[in-house]
Amino acid sequence: LLDATVEETGAVAFAGVLTANVMPAFLFSQAVFPPMLAQGGGRIVSISSCLSQRPSRRYVAYSSAKAALETFTRGLAVEWGPHGIRANIVAPGQVRTALNGPALDKPGVEERVSAKIPAKRIGRPSDVAHAVLYLSGQSSDFVNGAVLSVDGGYSVRAP
């Protein structure tokens, strides 16, 4: 995650954010395609961010990288769908993690962040895990190329 405005971001840093977010998905997909093809199908679930659709000041590079990841994953759905391979995306919003926990624990921060989310709470890792499990299981057999927002309604709220 690059916390910088566009004018503060150098070309190398921008390319690094794009590479870090898209290249692993590309390489992973190439590696799993032969065995998935041999077994008659499979599922690929990428993790994006609600910021791919609602960019935030100082996170344009990150938002751009996640949007590129979503486009790549939807491309997989188109190319590999006929082989029984489904590719979907989970786009979490603000989720409490070990990385952001200390910032959220500062006085008033979690309340300010939660106030912007229609569900009025920060997401839990289990919220994202359940979405990934759904897209990985038989209940989602006819879901391909979808972006599943797991953000408490943040991505659809009015600005």
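The values are calculated or read from the model by the stated rules, or taken from the named source; none is laboratory data. As the structure is a prediction and not an experimental result, all values here were calculated from the model. Here Cβ is always computed from backbone atoms with ideal geometry, including for glycine, and neighbour counts include all displayed protein chains. Keep in mind that these areas ignore ligands, DNA and RNA; they rest on the heavy atoms of the full protein, side chains included. Shrake-Rupley method; radii C 1.70, N 1.55, O 1.52, S 1.80 Å.
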Could you tell me whether LYS120 is out of contact with any Lys or Arg (no Cβ under 6 Å at 6 or more places or on another chain) and closer than 26 Å to GLU8 by Cβ? no
Residues satisfying the stated conditions in the stretch 1-25, i.e. outside any helix (DSSP H, G or I), open to solvent by less than 70 Å² (accessible area, probe 1.4 Å) and in contact (Cβ under 8 Å) with a residue 40 or more places away in the chain: LEU2, ALA4, THR5, THR9
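How many residues does the stretch 79-99 contain that are closer than 30 Å to GLY40 by Cβ and either part of a loop (DSSP other than H, G, I, E, B) or open to solvent by less than 10 Å² (accessible area, probe 1.4 Å) (or both)?
7
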When you scan the stretch 100-146 for helices (runs of 4 or more DSSP H) that lie fully inside it, which ones turn up with 1 or more residues that are within 16 Å of the chain's Cα centre (by Cα), without any contact (Cβ under 8 Å) to a residue 60 or more places away in the chain and farther than 28 Å from PRO159 by Cα? 125-136
Taking the residues in the stretch 54-78 that are in a helix (DSSP H, G or I) and charged (D, E, K, R) as candidates, determine which candidate is most open to solvent (accessible area, probe 1.4 Å). ARG74
Whether any residue in the stretch 88-105 is of a type outside the set (Asp, Glu), farther than 20 Å from ILE122 by Cβ, modelled with pLDDT of 95 or more and touching a helix residue (DSSP H, G or I) at 6+ places or on another chain (Cβ under 9 Å) is what I want to check. yes
Scan the stretch 26-37 and report the pairs whose first residue is among the small types (Gly, Ala, Ser) and whose second residue is outside any helix (DSSP H, G or I), with Cβ atoms within less than 7 Å and a gap of 6+ or a chain change. SER29/ILE44
